[in-house]
1. All but one of (1) touching a strand residue (DSSP E or B) at 6+ places or on another chain (Cβ under 7 Å); (2) open to solvent by 20 Å² or more (accessible area, probe 1.4 Å) hold for R256; which doesn't?
2. Yes or no: A211 farther than 27 Å from L390 by Cβ and out of contact with any Lys or Arg (no Cβ under 6 Å at 6 or more places or on another chain)?
3. Inside segment 287-319, can you point out the residues that are crowded, with 23+ Cβ neighbours inside 10 Å, part of a loop (DSSP other than H, G, I, E, B) and modelled with pLDDT of 95 or more?
4. Collect the residues in segment 4-54 that are among the acidic types (D, E) and either free of Cβ contacts under 8 Å to residues at least 60 places away in the same chain or buried (at least 17 other Cβ atoms within 10 Å of the Cβ) (or both), keeping them in residue-number order.
5. So R329 ticks every box in (1) part of a loop (DSSP other than H, G, I, E, B); (2) in contact with a helix residue (DSSP H, G or I) (Cβ under 8 Å, 6 or more places away or on another chain); (3) within 25 Å of L363 (Cα to Cα) but one. Which box is left unticked?
6. Checking A186 against (1) open to solvent by less than 20 Å² (accessible area, probe 1.4 Å); (2) touching a residue at least 40 places away in the same chain (Cβ under 8 Å); (3) not β-branched (V, I, T), which single condition isn't satisfied?
7. Run down I346, I357 and say which single residue is among the hydrophobic types (A, V, I, L, M, F, W, C), modelled with pLDDT under 95 and in contact with an Asp or Glu (Cβ under 9 Å, 6 or more places away or on another chain).
Amino acid sequence: MTVRLDFTSEVFFRDPPRAIATLRMSGPVVATRFPIVGDVWITTTHDATAQVLKDGATFTLRKEDGDVAGLRWWMPRYVRTIANNMLTMDEPDHTRLRSIVDEAFRRRAIVAMEPRIRAIADTLADELFAAGSPADLVQRYARILPLAVVSELLGLPPADRPKFIAWANEMSSLTNVVSFFRLLFAFRKMRAYLERQLQVARVQGGEGLIAELVQVEREGGQITPGEMVSMVFLLLAAGSETTTHLISGSVHELLRNPGLRDWLEQDWSRVGLAVEEFLRFVSPVQFSKPRYVRRDVEVEGVRLKKGDRVMVMLAAANMDPAVHDRPERLDLERKPNRHISFGTGIHFCLGHQLARIEAACALEALFVRWPKLGLAVDPAEVHWRRRPGLRAIAKLPVTTESRGTPGRAGASLERSLTAAS
């Protein structure tokens, strides 16, 4: 029996634990219809989710003919080019591409970036109310910080960041097939821009991951020009969009829970522990990409047939009472925290360390700079984008009565984007 649930509704995003608990009553794996993707099985437990993610031979991201399991026949060729990245590849191609950029994301490299990330966060926090109060924390802070960090990592010009923000906003508007077609123009512009940046690096060299990819290409490394474009697209888009909503979702929860906020502000060395719980509770990435079932298989007692498609519901795994005590409760002191927000198996998130550090720096910089930060609207007026698979607050209006010096009047958003660059 197909379970009907609107995964883009305000009711679902406002209170995921309630909807997920109801969904889980139908079984550990349930058949449903997902926006854009179509008919698909979804997992509702931690164990079912882990089984699918870890068994890359049975649950593959590519069909037997090589097509990506989540792409539809009507999608344009350039969308398929962009989708031809690590997240949609099985072995051995996944390891071939991941090994090229893996060094840049190793813990020591990311930890070395922390002072720079904190400096960017401090600047953005200082500029938050420069255009007046209230300010939309999503657009003026949570979106800019990860975009600034990943664009520096890639070696993209700081002056181009307003373009990235515009593209990110367009991608966040994806809700259904109609909005997908509107998004195609943004995809085309992004692909053309990234192709130009790669060509500039081929001619002029430079710093950052784009220049390193060009060097790999020059040395005969196993990466095609199309794969280079999709790699940079993946790092720019996935490397910023999910962290944007982790930051805004975490701030939203702290503003709604003064006791938790006080606990955190008493000792900022606790922020790492808090971020782990925000990753579990906010779960900005709700679902994985679709996978193709290569053989008849049983998942937690549910029989899936060869040819079926399955998506793991990371948010449901993070709310599984068999793994997490009182999962519906936000507990910043939760230990151990067995969230699966970064996935598991070969596709464990490449940027997990970067996301953790960005979120920690963002929260500390924001609340240290604006210790009286508060919501500028009633909590009922906070809404989520109707984008399937991503829990994304649309706008988060905040206001403050700072105990420090107010942000410098007259500073523009463009200055915020390039300050500290």
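1. Looking at each condition in turn, R256 falls short on (1).
2. For A211, the condition - farther than 27 Å from L390 by Cβ and out of contact with any Lys or Arg (no Cβ under 6 Å at 6 or more places or on another chain) - is met.
3. V312, N318, M319
4. D6, D15
5. Evaluating R329 over (1) part of a loop (DSSP other than H, G, I, E, B); (2) in contact with a helix residue (DSSP H, G or I) (Cβ under 8 Å, 6 or more places away or on another chain); (3) within 25 Å of L363 (Cα to Cα) leaves (2) as the failure.
6. Only one criterion in (1) open to solvent by less than 20 Å² (accessible area, probe 1.4 Å); (2) touching a residue at least 40 places away in the same chain (Cβ under 8 Å); (3) not β-branched (V, I, T) is unmet by A186, namely (2).
7. Result of the check over I346, I357: I346.
A quick yes/no check of all residues on (1) part of a helix (DSSP H, G or I); (2) in contact with an Asp or Glu (Cβ under 8 Å, 6 or more places away or on another chain); (3) hydrophobic (A, V, I, L, M, F, W, C); (4) more than 30 Å from A394 (Cβ to Cβ):
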{"site": "L184", "(1), (2), (3), (4)": "yes, no, yes, no"}
{"site": "M190", "(1), (2), (3), (4)": "yes, no, yes, no"}
{"site": "V200", "(1), (2), (3), (4)": "yes, no, yes, yes"}
{"site": "E212", "(1), (2), (3), (4)": "yes, no, no, yes"}
{"site": "Q215", "(1), (2), (3), (4)": "yes, no, no, yes"}
{"site": "F233", "(1), (2), (3), (4)": "yes, no, yes, no"}
{"site": "H245", "(1), (2), (3), (4)": "yes, no, no, no"}
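The values are calculated or read from the model by the stated rules, or taken from the named source; none is laboratory data. Values in this document were obtained by computation on a predicted structure and should not be read as measured data. Because the Cβ atoms are built from the backbone with ideal geometry, glycine has one as well, and the counts that use them run over all protein chains shown. Side chains are part of the model used for accessible areas, which takes the heavy atoms of the whole protein and leaves out ligands, DNA and RNA. Shrake-Rupley method; radii C 1.70, N 1.55, O 1.52, S 1.80 Å.
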